Amino acid sequence: TAWLYSTIGENFAKTIRALAQQQTEVRVVNDQVGSPTYVPHLAAAIATLIPTQAFGTYHLVNQGAVSRYELTSALYRHLGITTLLRPITTPEFPRPAKRPAYSVLTTIQDPAILLPAWEEGVTAFAHALREGKGSA
C-alpha cells in the first residue's frame, strides 16, 4: 500500500491540513505522483481478502494516481480551506529521504480487490474530520 492517511495518527493529509491553519501559503510538490490510500478503505479491502485464503503480493490502494499537490488541492476544497496553495518541484522542497517521482500501484492479483477511487477517500476523510471522528 502507499501514501496512507486517516483521521487517526500522523500522516500527510493531517499535516497539510494543520499547515493551512498555521500559514498564509502552503507549498506542496507537484512532481511526485502516487496512490493515496484512505486507511478505512484499506482495512475493508484486507477484511475482504482474508477469507479468500489467497496468497501473494497484493497492491491495495485507492484507485487512480495523483500528485501530492493535487491531493492537497482536493483535500482543501472538501474542507473549505482557502489558504493559498502553491505547487513546487521536489528540488525546491528538499527532504532527508528521497521520494520517487512516480510510485503508483495497481491491483492485478486475483481475486481483484479494488478500493474506491482516491477522490472518494478524500471525501470520506473530510467528512470524518467534520464529524470529529478520530481527530487524534
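So what is the relative contact order of the chain, in percent, for Cα pairs below 8 Å that sit 6 or more residues apart? Reported relative contact order: 38 percent.
Computed from Cα atoms, the angle from the helix 39-49 axis to the main principal axis of the chain rounds to 10 degrees. Fully extending the segment from residue 83 to residue 44, taken as 0.36 nm per residue of separation minus the present Cα-Cα distance, adds 10.7 nm. Of the accessible area of the chain, with the probe set at 1.4 angstrom, what percent is carbon plus sulfur? Percent of accessible area from carbon and sulfur atoms in the chain: 56. Entry comment: accessible area of the chain is 58 Å² per residue, from protein heavy atoms only and a probe of 1.4 Å. Protection proxy ranking, highest mean first, for peptides 8-20, 60-72: 60-72, 8-20, where packing is the per-residue count of other beta-carbon atoms within 10 Å, averaged.
Between the helical axis of 118-131 and the longest alpha-carbon principal axis of the chain there is an angle of about 70 degrees.
Take each peptide in 95-101, 53-59, 74-80, count the other Cβ atoms within 10 Å of every residue, and average; sorted highest first, the result is 74-80, 53-59, 95-101. Any chance you could give the angle, 0 to 90 degrees and rounded to 10, that helix 12-22 forms with the longest Cα principal axis of the chain? Helix 12-22 sits roughly 20 degrees off the main axis of the chain.
The values are calculated or read from the model by the stated rules, or taken from the named source; none is laboratory data. A quick note: this is a predicted structure, and the numbers were derived from the prediction, not measured. Positions of Cβ are generated from backbone atoms using ideal geometry, with glycine treated the same way; all protein chains shown enter the neighbour counts. Accessible surface areas use protein heavy atoms only, side chains included; no ligands, DNA or RNA. Shrake-Rupley method; radii C 1.70, N 1.55, O 1.52, S 1.80 Å.
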